[in-house]
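The values are calculated or read from the model by the stated rules, or taken from the named source; none is laboratory data. These numbers come from a predicted model, not from an experiment. Cβ sites come from the backbone with ideal geometry, for glycine too, and all protein chains shown count toward neighbours. When the accessible area is computed, the model is the full protein with side chains, heavy atoms only, and any ligands, DNA or RNA have been set aside. Shrake-Rupley method; radii C 1.70, N 1.55, O 1.52, S 1.80 Å.
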Amino acid sequence: MITRIVKMTFQSERVRDFLENFEANKTKIRGFEGCEHLELLKEEGREDVYFTYSYWQSAEALENYRH
């Protein structure tokens with residue numbers, strides 16, 4: 001199992017765009033072959049910093065998703 005944490009910092013005017021995009025695509029990502037878990041986290045005290053936290057069955061599954 002692979003645990004993947006991605007930290008993202010956005011320009012404040014782009015946060016809403018990111019959140020809308022994540023909302024529109026989270027079900028698709030969660031349904032991707034090999035994805036066991038996906039959640040979105042926000043850094044406390046920061047409105048522009050988010051993390052995705054996901055579990056993948058294998059490095060190959062993660063690579064397939066990334067491409």
Checked against (1) of a type in the set (S, T, N, Q); (2) touching a residue at least 24 places away in the same chain (Cβ under 8 Å); (3) open to solvent by less than 80 Å² (accessible area, probe 1.4 Å), Asn25 satisfies every condition except (2)
Out of the residues in the stretch 1-59 meeting the condition of being acidic (Asp, Glu) and in a strand (DSSP E or B), tell me which one is farthest from the chain's Cα centre (by Cα). Glu36
Within the stretch 44-67, which residues are out of contact with any helix residue (DSSP H, G or I) (no Cβ under 8 Å at 6 or more places or on another chain) and loosely packed, with under 13 Cβ neighbours inside 10 Å? Glu44, Gly45, Arg46, Ser58, Ala59, Glu60, Glu63, Arg66, His67
